[in-house]
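A.B. asks: I have a structure here, written as structure tokens, and I will follow up with some questions on it.
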Amino acid sequence: MRRKIAAGNWKMNGLKASIVELKELITLTKGATCEIVICPPATLIEEMVHVAGDSGIVIGGQDCHWSESGAYTGEISAPMLADVGAKTVILGHSERRSLHHETSDYIRTKVEAAWRADLSAIICVGETEAQRDSGDTLQIIKDQLDGSIPDGATAANTIIAYEPVWAIGTGKIPTYSQIAEVHDFIRVQLVQTYATGEDIRILYGGSVKPSNAAEIFAISNVDGGLVGGASLNATDFAGIVTAAG
Ligand code: 13P
């Protein structure tokens, strides 16, 4: 049985005042059985780890560098995230792949860095609208999985997030059978390649809201969600947590 995950990606949103959302979320989600993850901007990680305390809510980063330290102005390393209490890190988000030209090979080196620092990696994959329209979705997903996941992926150190680029922040979501097709395909790839592939969680991301979360989370091989906009507000995100169980 894979425990579901409700993960929030705050992206470049949130000042210290936003930590109140986490406090409210802790209150609203008492008794939840799913795993709750929040990835705030790096500036808030340390304080949010403190606020999360023993609530069970996991705090993570949104990216990390492949190197432990060095002359990389503006970057944050995996040991730095671990040092302030992060337990996980999102890697290969489509906004990193497109806006920062990150390739799957490059993302793989970051995943290795995350693992070395004892962080789990939430590795994102997803096709653009043009790739879907031309029938390339499954090949794109396979290439991204093959390129981005290092050898040694386990259910403990890896979570996959399927985020169709065209569904992010747009309010558009694939049909439930399109989501099932990709998640089932990812499951087959994971089972073929990794000993614990059956247990690696696969999250769906892209316009998840309290109103559609329960139906999405009920789809075959959907083990929860990676949520952007709707994770910024405690009440909305708590609705999604409830849908995850
Ligand atoms: P939205 O939930 O805002 O569509 O964002 C999804 C996402 O990119 C999460 O990483």
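The values are calculated or read from the model by the stated rules, or taken from the named source; none is laboratory data. This is a predicted model, so every value here is computed, not measured. Cβ atoms come from the backbone with ideal geometry, glycine included; neighbour counts cover every protein chain shown. Please note that ligands, DNA and RNA were not included when accessible areas were found on the heavy atoms of the full protein model with its side chains. Shrake-Rupley method; radii C 1.70, N 1.55, O 1.52, S 1.80 Å.
A.B. asks: Express the relative contact order of the chain as a whole percentage, based on alpha carbon pairs under 8 Å and six or more residues apart in sequence.
C.D. replies: 22 percent
A.B. asks: Moving on. Please list 3J(HN,Hα) in residue order for segment 138-145, calculated via the Karplus relation 6.51 cos²θ - 1.76 cosθ + 1.60 where θ = phi - 60°; whole Hz, with x for glycine and proline.
C.D. replies: 5, 5, 4, 4, 4, 4, 5, 5
A.B. asks: Here is a follow-up. Tabulate in residue order the Karplus-calculated ³J(HN,Hα) for segment 52-63, using 6.51 cos²θ - 1.76 cosθ + 1.60 with θ = phi - 60°, rounded to whole Hz; enter x for Gly and Pro.
C.D. replies: So the J values, rounded to whole Hz, are 5, x, 9, 5, x, 6, 8, 10, x, x, 9, 5.
A.B. asks: So, one more: Quick one: which residues, 5 or more positions from V58 or on another chain, have an amide H under 5 Å from its amide H? H modelled 1.01 Å from N in the peptide plane, none for Pro or chain starts.
C.D. replies: Placed amide hydrogens put I36, V37, I38 under 5 Å from V58.
A.B. asks: GluC sites (Glu not before Pro), restricted to segment 147-216: which are DSSP loop and have at most 11 other Cβ atoms within 10 Å?
C.D. replies: none
A.B. asks: Could you check how much of the accessible area of the chain is carbon and sulfur, as a whole percent, using a 1.4 Å probe? Spell out each step's value before the answer.
C.D. replies: Working: 5790 of 10810 Å².
Ligands and nucleic acids excluded, carbon and sulfur give 54 percent.
A.B. asks: Using only Cα atoms, locate the centre of segment 27-82 and the centre of segment 154-198, then give the distance between them in Å, rounded to an integer.
C.D. replies: 23 Å
A.B. asks: Given the DSSP H assignment, sum -39500 (n - 2.57) over each helix run of at least 4 residues in the chain and divide by its residue total; what's the result at 222 nm in deg cm²/dmol, nearest 500?
C.D. replies: -12000 deg cm²/dmol
A.B. asks: Let me ask another. DSSP loop chymotrypsin sites (Phe, Trp or Tyr not before Pro) in segment 118-214 with at most 15 other Cβ atoms within 10 Å of their Cβ, which ones?
C.D. replies: Here no loop site has a sparse enough neighbourhood.
A.B. asks: Further, regarding this structure: For M1, M80, M12, M48, give me the order by solvent-accessible area with a 1.4 Å probe, most accessible first, ignoring ligands, DNA and RNA.
C.D. replies: Largest accessible area first, the list is M1, M12, M80, M48.
A.B. asks: Going through the cross-link list K30/K110; K4/K142; K23/K110; K87/K209; K11/K209, which pairs have a Cα-Cα distance over 28 Å in this structure?
C.D. replies: Too far apart for the 28 Å limit: K30/K110; K23/K110.
A.B. asks: Report the extension gain between T103 and A17 in nm, rounded to one decimal, defined as 0.36 nm multiplied by the number of residues separating them, less their alpha carbon distance.
C.D. replies: Working it through step by step, the gained length comes to 27.5 nm.
A.B. asks: Spin-label point model (7 Å from Cα, Cβ direction): what's the E129 to K172 distance in nm?
C.D. replies: With each label point 7 Å from Cα toward Cβ, the separation is 0.3 nm.
A.B. asks: Moving on to the next point. Excluding ligands, DNA and RNA, what is the solvent-accessible area per residue of segment 101-199 at a probe of 1.4 Å, expressed in Å²?
C.D. replies: 44 Å²
A.B. asks: Sequence-distant or interchain residues sharing an amide H contact under 5 Å with G224, placed H: which?
C.D. replies: HN-HN under 5 Å from G224: I5, Y204.
A.B. asks: Could I have the simple spin-label model distance between K30 and D146, label points 7 Å from Cα toward Cβ, reported in nm to one decimal?
C.D. replies: Label-label distance for K30 and D146, simple model: 5.1 nm.
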